[in-house]
Amino acid sequence: MSIKKGIKTVYKTLVPLKPRVYIRARFDFYKYKLYHFTRKFIRYKFIENYHAPSILNHVAQFTKKPSFSFIILDLSGAADHTPLLNSLKRQLYNYFELIVPVTAANKERLADLFAKAGLKATFVEQDSTDLSALLKQAKGTYTGILYAQDELTRGSIYELANSIVHNKVADFIYTDDDKFIKPKKYILPNYKPDYSPVNLLSQNYIGNLSVFNTNLVQSLLAEEPLQDAEHYDLILKIVERTDQITHIPKVLYHQRISQLEEAPTANESTKKTVERALRRRGIEAEVLETSHAGIFRIKRKINGNPLISIITPFKDKPELLKMCLDSILSLSTYQNFEFIGISNNSTQPETFALMKEYSEKDSRIKFYEKNIPFNFSTLNNYAAEEIAKGEHLLLLNNDIEIITPGWMEALLEYSQLSEVGAVGAKLYYPNDEIQHAGVIVGLGGAAGHSHKMHHRRDYGFNGRLHIAQNLSAVTAACLMIKKKAYFEVEGLEEENLKVAFNDVDFCLKLREKGFQNIFTPYCEAYHHESISRGVEDTKEKLARFNHEMDYLKKRHRLILSSGDPYYNPNLTHFYEDFSIGFSKVL
């Protein structure tokens, strides 16, 4: 949309309103356009800002000084290893050892290389790079893996040590990273979420830099050596043994972009690693390759045939209700469901005729009336408590149009898990731009939608549009949850969140109870948003919206102040596109 066309649209919408409302909306519109324009010119620039004397003084005050063992892999090639060796030499924290695998043929060359760089190393002679054997050589408190073509930032090992000193227990620590084609030319920052178990099965989002408690590593190696995709295999095994996992949201590792194509067997090797992890954990699921290398769909087996209660409040708009019902009936491959339509102050004869038609057409479809002032929370709670018979509830807006078969199964495969609370879908505007791919808490001061306005085929930030993942919240426009879990948090908030933010509050209350909330990209639908409810375009609606935002901020001030664990503090909190934040030190 051009700026000129956008101004006309805003003017037509707001000109009937009082001048103060119009001026405020016009200001917000220009502010949005300014950011949308200027963000295109934001470029990632890695800045390393360490004052060596201050760091060394801080290290001297450490009550304990954890030591590290770093195994360096891929040294046999002819590539330039200077960036890595120089970065090791420049480290501000020097309590570490280097373990280098060598062969009889290259031992002398590598020993000379390290001596010229002024670095001491333990050379382990072996015919092949057996990571399990190398890990057993580690003597440091923590062990990490480095790759010979990559590079550490100057403060990498200091940041790891500092994190360990200030965390009573940390068995596994990982950091953010970026990539480079040539030294000092850094691109593509990988700003990672805090530990996200569902993400990790779909994609090795952790990578480097990461270190592990050496005793823990060596104890698990005593039971079974590492196999295909050894580094990933080690990460998956470690997280099965501990929940003491720390993420440092700073770029501390630079990964060289290889000019060579990835080996054809790499994806298959990674897939086997995930399949073994699932077997160890007793998870019945298929590991399906996607069109993106290194990204997999974990398609879990549905246990039994539980009844799903679909709850849809509506007021008239029979054309929307018909669209929603037709898409459910024509595309659903899961058949054990009931549809509960809640009419809220409907008046059109066409609406009641359609209700009669569909309830006679399919015995699973039933309609009820709840004629109260519109309160989304009350309508859903009423249906869930008084009517729904299903083991799982599926909150579904009447302006949702299902577009993928297997949509209910995609939600159910996670909703059935005891540790999971809400499961949300991938929703598009009718023009195939993303309306919802999960909720990020803190965007815009309260909450915003992940990857909003990206195209449905976009890769997303580091592939996140194509993986099932942990998120703090999902939208109730299409949300599945176990009925038992729904009432464990007393349903949606009726008094203070009648229209907006009730789903965000609901999901955050689930997190407080220890549940995980999941977004799946394998349930897809069009969301014809705001057609049935309208926009916040009156003084009364704006006052109600502001009250609801204030309530959310007060009720969940802890996560709003500390930051969404499934986002990253280096990313924008103004826009919804995962772009780099304006004021962050990178």
Checked against (1) part of a loop (DSSP other than H, G, I, E, B); (2) crowded, with 21+ Cβ neighbours inside 10 Å, E494 satisfies every condition except (2)
Flagged in segment 424-476 as under 19 Å from L395 (Cα atoms) and of a type in the set (S, T, N, Q), in numbering order, are Q435, S472, T475
Hey, any hits in segment 357-372 for a residue that's out of contact with any Ser or Thr (no Cβ under 7 Å at 6 or more places or on another chain) and hydrophobic (A, V, I, L, M, F, W, C)? no
For segment 165-185, which residues satisfy the criterion of being surrounded by 23 or more Cβ atoms within 10 Å (Cβ to Cβ) and more than 11 Å from H247 (Cβ to Cβ)? D177
Complete set of residues in segment 461-487 that are in contact with a helix residue (DSSP H, G or I) (Cβ under 7 Å, 6 or more places away or on another chain), closer than 23 Å to A446 by Cα and either basic (K, R) or in a helix (DSSP H, G or I) (or both): Y486
Could you tell me whether segment 480-498 includes any residue that is out of contact with any Asp or Glu (no Cβ under 9 Å at 6 or more places or on another chain), basic (K, R) and on the phi < 0 side of the Ramachandran plot? no
Taking the condition of a type in the set (A, V, I, L, M, F, W, C) and in contact with a Phe, Trp or Tyr (Cβ under 8 Å, 6 or more places away or on another chain), does I298 pass? no
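When you scan segment 320-425 for helices (runs of 4 or more DSSP H) that lie fully inside it, which ones turn up with 3 or more residues that are free of Cβ contacts under 8 Å to residues at least 24 places away in the same chain and not aromatic (F, W, Y)?
Working: elements: 349-361, 376-382, 407-415.
Correct list: 349-361.
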Determine whether G207 is of a type in the set (G, A, S) and modelled with pLDDT of 95 or more. no
Give me the pairs: first residue in segment 42-63 and touching a residue at least 12 places away in the same chain (Cβ under 8 Å) and closer than 23 Å to N167 by Cα, second residue surrounded by 12 or more Cβ atoms within 10 Å (Cβ to Cβ) and of a type in the set (K, R), beta-carbon distance under 8 Å, and six or more apart or on different chains, which are they? Y50/R154; V59/K65
Go through (1) under 30 Å from I187 (Cβ atoms); (2) surrounded by fewer than 18 Cβ atoms within 10 Å (Cβ to Cβ) one by one and return the number of the condition I283 breaks. (1)
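Of all residues in segment 47-90, how many are among the β-branched types (V, I, T), over 16 Å from T122 (Cα atoms) and within 32 Å of the chain's Cα centre (by Cα)? Quick ask: steps written out before the conclusion?
Step one: list which residues in segment 47-90 are among the β-branched types (V, I, T), which gives 47, 55, 59, 63, 71-72, 82.
Subsequent filtering for residues that are over 16 Å from T122 (Cα atoms) retains 47, 55, 59, 63, 82.
Pick out the ones that are also within 32 Å of the chain's Cα centre (by Cα) and you get 47.
Within segment 47-90, residues that are among the β-branched types (V, I, T), over 16 Å from T122 (Cα atoms) and within 32 Å of the chain's Cα centre (by Cα) number 1.
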Check A138, A79 and return the single one that is at negative phi, at pLDDT 95 or above and among the small types (G, A, S). A138
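Just to be sure, is I400 touching a helix residue (DSSP H, G or I) at 6+ places or on another chain (Cβ under 8 Å) and either farther than 13 Å from A476 by Cβ or of a type in the set (S, T, N, Q) (or both)? First the steps, then the outcome.
Values: touching a helix residue (DSSP H, G or I) at 6+ places or on another chain (Cβ under 8 Å): yes; either farther than 13 Å from A476 by Cβ or of a type in the set (S, T, N, Q) (or both): no.
Against the criterion (touching a helix residue (DSSP H, G or I) at 6+ places or on another chain (Cβ under 8 Å) and either farther than 13 Å from A476 by Cβ or of a type in the set (S, T, N, Q) (or both)), I400 does not qualify.
Which of the residues belonging to segment 102-157 are in a helix (DSSP H, G or I) and either under 18 Å from H231 (Cα atoms) or among the basic types (K, R) (or both)?
Of all residues in segment 102-157, those in a helix (DSSP H, G or I) come to 107-116, 131-135, 156-157.
If the condition is that a residue be in a helix (DSSP H, G or I) and either under 18 Å from H231 (Cα atoms) or among the basic types (K, R) (or both), then K107, R109, K116, L131, S132, A133, L134, L135 are the ones that fit.
The values are calculated or read from the model by the stated rules, or taken from the named source; none is laboratory data. Being a predicted model, the structure only gives us computed values, none of them experimental. Here Cβ is always computed from backbone atoms with ideal geometry, including for glycine, and neighbour counts include all displayed protein chains.
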